[in-house]
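Peer 1: Below you will find the structure I want to go over with you.
Derivation of every value follows stated rules applied to the coordinates shown; laboratory data play no part. Fair warning: this is a prediction, and the values are worked out from it, not measured in the lab. No Cβ is skipped: glycine too gets one built from the backbone with ideal geometry, and neighbour counts run over all protein chains shown.
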Amino acid sequence: MRDTRESRLLLVLLIAIAFALITVDIRGGEESPVDGARRAAATVFGPVENGVATAVDPIGNAIGAVRDSGERHDRLAVLERENAALKQKLGSDDRNRNRARALDKMLKTAGAGQYGIKGAEVIAIGAAQGFSWTITIDVGSNDGIQRDMTVLNGDGLVGRVTTVGPDAATVLLANDPDFTVGTRLEKTDELGFANGQGDRPLRVQMLNGKAKVKAGDRLVTFGSQADKPFVPGVPVGRVTRVDPSGGDLTRTVYVRPYVGFTKLDIVGVVVEAPRKDPRDMVLPPKPAGPKPTPTVTVTVTPSAPPADGPVPADGTP
């Protein structure tokens, strides 16, 4: 349509009519004369509006879902961090409880043997010296540690100190192939020398080829001159196998160590030897054997015959 004077007059007229209808509709309220036309328009255009709304709603829902998912993601992230922190705390508490038990057990062992010890923590496994079975502990010469001191824990003999620095020391473990310690058999006092075999039982050469020894017998350290490198009475292990003597001058037995060398954490360095050999006092109590099952013997006593004599077989008096 061309922009002419007639078209402008027509536009002004249409606008005036629209305003007039709006005024009449507002003043008429529910009885407005255009209410019927409005309902007709709603009937015609309602389905179209619903269709458009249906088409648009997924988009709006998606936008809302993205916004909500972001909020949920943030909440989940917070919860995951809180759970991780809680698990770490629980794990730390469990470890602290285990360490407290290990320390308490070691102190009891030291008390039973009257050993003066310096507690230490294992900070490394293996050492630059090339030993195959060593640990590094967090005490050194500044703590009074010297070479050739006995190292133990709550279970028994761990090893001996080989190298000392100002704040750390290296310990050669009792299961190292280069490790040798004098042993004494419980009760019989038979002597021997134990050598490490890595992850296998210790190999002990008994000096007496006719020594009476059996599986289950227990050994402790014999002790060294001036208590270096070994103090006496430290539990070593339990015999698991005995080789036949065969008339040899020595006898070989195999001993399972009390100490678990792959799970060391808290250890003690003996800085003061006991005044008296504790002998077998440091050994743990032997496990109680199975209780014997009581047996009941039932004895059947025959009844006494009647006072007037036995009854005949035919039952007649």
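Peer 1: Report the relative contact order of the stretch 129-182, percent, no decimals, based on alpha-carbon pairs under 8 angstrom and at least 6 residues apart.
Peer 2: It comes to 38 percent, rounded to a whole number.
Peer 1: Label the stretch 140-273 by shape, choosing from rounded, prolate and oblate, from the square roots a ≥ b ≥ c of the eigenvalues of the Cα gyration tensor; if a/c is under 1.5 it is rounded, and otherwise prolate applies when a/b is larger than b/c, oblate when it is not.
Peer 2: Judged from the Cα gyration tensor, the stretch 140-273 comes out prolate (a/c at least 1.5, a/b above b/c).
Peer 1: Gain in length, R275 to L9, computed as 0.36 nm per residue apart minus the alpha-carbon separation, to one decimal in nm?
Peer 2: 83.2 nm
Peer 1: Can I ask one more? Taking a threshold of 20 Å on the Cα-Cα distance, which of the pairs K187/K228; K210/K286; K105/K286 fall above it? Spell out each step's value before the answer.
Peer 2: Numbers: K187/K228 24 Å; K210/K286 25 Å; K105/K286 17 Å.
Distance filter (> 20 Å) returns K187/K228; K210/K286.
Peer 1: How far apart, in nm, are two points set 7 Å out from the Cα along the Cα-to-Cβ line at D199 and at Q225?
Peer 2: Inter-label distance under the simple model: 3.9 nm.
Peer 1: Which FRET efficiency value, to the nearest 0.05, do you get for L207 and K286 by plugging their Cβ-Cβ distance into 1/(1 + (r/R0)^6) with R0 = 25 Å?
Peer 2: 0.50
Peer 1: Under 12 Å from the Cβ of A110, count the other residues' Cβ atoms, weight Lys and Arg +1, Asp and Glu -1, and hand me the total.
Peer 2: Details: positive: K105, K108, K118; negative: D104, E272.
That sum, taken over residues with Cβ under 12 Å, equals +1.
Peer 1: If R₀ is 51 angstrom, what is the calculated FRET efficiency for the pair S245 and L103, using the beta carbon separation as r and rounding to 0.05?
Peer 2: On the way: r = 42 Å, r/R0 = 0.83.
Calculated value: 0.75.
Peer 1: Right, next: Compute the signed sum of charges (Lys and Arg +1, Asp and Glu -1) over the other residues within less than 12 Å, Cβ to Cβ, of P284.
Peer 2: Local net charge: +2.
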